[in-house]
Amino acid sequence: MPHVMFTSALKTFFPNLKEEYIEADSIKVLLSELEKKHQGIQGYLVNEKGQIREHVKFYIDDEPYDVKVHTEISKSAQIHIIQAISGG
Amino acid sequence: MKLAVGTDKGLLIYKQAKNSEWVLADIHFIGMPIGTFHADKNQHWWVAINHKHWGPKVYVSANMGKTFTEVNSPKFHTDSPFTLKSIWTIKSQSIGPVHRIHIGTEPAALFYSDDLGKSWNEMNGLSNHPSRSNWQGGGKGSNSPFLHTLLTNPENEEHLIIGISCAGVFQTYDGGMTWQPNNTGLKAFFLPNSESVVGHDPHTICQSKINPNILWQQNHCGIYRSNDHGKTWQDLTDQKGKAVYGFAMAIAEDNDSEAWVIPAQSDHLRIPHEQKLAVYYTKDAGQNWESLENGLPNPAFDLVLRDAMDIMGNALVFGTNNGNLYISMDKGQHWTTISQNLSAVRSVTLFL
């Protein structure tokens, strides 16, 4: 299962958030699974169109997530969800 | 009387102590950029946070700030060309037994909730207004117009008045189904046609509490007043050239001829005239303007943003983009410093 790690900044809003293994083969599925575990978290990561927010970054195995390239994610993927430095 | 100060780094609550000094009573949402604050008739506190990373969020407190609960934020429909960027205003309205909450946003739209934020409805007649292609962004480097002012009519719950920068004043008489621009008499010197039907920049609009048909407006291009709910506007800009450009405005609760503004030197020099921080006051519906600066600093490089001045009775308060906060208990004749160490002040609200 992909290993998902979060910026500590998200713990302000989701105190129980910690790195975890989540069964998902795409970012879309990952977001859906996260929402089941942490109600409301999708709204912090993506906008109403499901697009990752401008100043939120997903990294897959240290590469910036690209919706066109990373159509699938491997079972061994290391996923980092980070507040982008561009957001100040 | 309490004072809520919305800053770029949190919401501060001040209370007046027995010795009349204003003391900091509480800080909420430390480090977070406050979009707006609203205390409704049920003494519920509504707060918008415009997170740079996580998007706009809405919170409500039913216990005067002891605890806050996040409610749903308004969302544009997935078919909409827009996504929510920020929340500029929250207002409440009684419609029969319904306690309606309105939210004005960037991109410019008006949402309402009749279930205290569980769900939101977009007023599509405004979002899809036929003049929309002529609207433009209203500052802060954004290309999106934003809705920052909402006024209601206590005599007609279907009548709403809004201010959008930059589109102008719009009104609905059917509860938000259809909207008409009401900018007659305003000038927009930044447009090729300064008397354009839409495209105006009403920085803020105030409504008289004793005569709701009386509106005042601090506009990008001057100061205006309306006697007819904003259908037409009269130019009351200071002929001496001082009270012209600014953002914030307050009008007296008991006299619709008294108003206060805090002008900048010009739109391209957004600091006080001669670097002397001053509130400008008219007691004769804009025929004359005088400066009130007793207790205010010189030199100063402050700008007062659109929601950063408020009035209740004789208490007049304002905060600045440099984090300074001043109050007068005699309608501006004498000013006292509450703090000079805040983050940029976005909004101030006096409430009980």
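Derivation of every value follows stated rules applied to the coordinates shown; laboratory data play no part. Computed from a prediction, not measured in an experiment: that's the story for all the values here. A quick note on method: Cβ atoms are made from the backbone with ideal geometry, for glycine too, and the neighbour counts reach across all protein chains shown.
Here the contact order of the range B:187-239, divided by its residue count and restricted to Cα pairs under 8 Å and six or more residues apart, works out to 24 percent.
Its relative contact order, with pairs defined as Cα atoms under 8 Å and 6+ residues apart, puts chain B at 11 percent.
Here the range B:3-48 and the range B:311-352 have alpha carbon centers that stand 12 Å from each other. Taking θ as phi - 60° and the Karplus parameters 6.51, -1.76 and 1.60, the scalar couplings of the range B:79-89 work out to 7, 6, x, 9, 10, 5, 9, 7, 10, 9, 8 Hz in sequence order, x denoting glycine and proline. Of the trypsin sites (Lys or Arg not before Pro) found in the range B:27-82, the ones in coil according to DSSP and having at most 13 other Cβ atoms within 10 Å of their Cβ are B:LYS41, B:LYS66.
Amide H contacts of B:TYR245: B:ALA264, each under 5 Å away and 5 or more positions distant or on a separate chain (H built 1.01 Å from N in the peptide plane; Pro and chain starts excluded). Couplings 3J(HN,Hα) of the range B:123-136, computed from phi: 7, 5, x, 7, 4, 9, 4, x, 8, 4, 5, 9, 7, 9 Hz, in residue order, whole Hz [Karplus 6.51 cos²θ - 1.76 cosθ + 1.60, θ = phi - 60°; x for Gly and Pro]. Residue exposure proxy: A:SER76, B:SER257, ordered by other Cβ atoms within 10 angstrom of their Cβ from fewest to most, comes out as A:SER76, B:SER257.
Compute the Cα gyration tensor for the range B:248-352, then decide on rounded, prolate or oblate, letting a ≥ b ≥ c be the square roots of its eigenvalues: rounded whenever a/c is under 1.5, prolate when a/b is larger than b/c in the other cases, and oblate in all that remain. Since a/c reaches 1.5 but b/c is at least a/b, the shape of the range B:248-352 is classed as oblate. Give the long-range amide H neighbours of B:SER196: residues separated by 5 or more places, or on another chain, with amide H under 5 Å away, using H modelled in the peptide plane at 1.01 Å from N. Answer set, sorted by chain and number: B:ALA188. Taking every residue in B:40-53 and counting other chain Cβ atoms within 10 Å of its Cβ, the average works out to 2.
In a DSSP loop and with at most 12 other Cβ atoms within 10 Å, the trypsin sites (Lys or Arg not before Pro) in chain A are A:LYS18, A:LYS68, A:LYS75.
Counting Cβ atoms of other protein chains within 10 Å of each residue's Cβ and taking the mean over peptide B:78-86 gives 2. Partner lysines whose Cα lies under 19 Å from the Cα of A:LYS36, excluding those fewer than 8 positions away in the same chain, are identified as A:LYS11, A:LYS18, A:LYS28, A:LYS49, B:LYS118.
Across the range A:53-68, computed HN-Hα scalar couplings (Karplus, 6.51 cos²θ - 1.76 cosθ + 1.60, θ = phi - 60°) run 4, 3, 10, 10, 10, 9, 10, 10, 6, 6, 9, x, 5, 10, 4, 7 Hz from first to last residue, x flagging Gly and Pro.
Applying a DSSP loop filter and a limit of 11 other Cβ atoms within 10 Å to the trypsin sites (Lys or Arg not before Pro) in the range B:117-185 leaves B:LYS118, B:LYS140. Taking amide H atoms as placed 1.01 Å from N in the peptide plane, the amide H of B:LEU305 lies under 5 Å from those of B:ASN321, each 5 or more residues away in sequence or on another chain. Within the listed set B:GLY138, B:GLY241, B:GLY199, the residue fluctuating most in the Gaussian network model of chain B (springs between alpha-carbon atoms under 10 angstrom) is B:GLY241. Computed packing ranks the peptides B:209-217, B:316-324 as B:316-324, B:209-217, most packed first, by mean other Cβ atoms within 10 Å.
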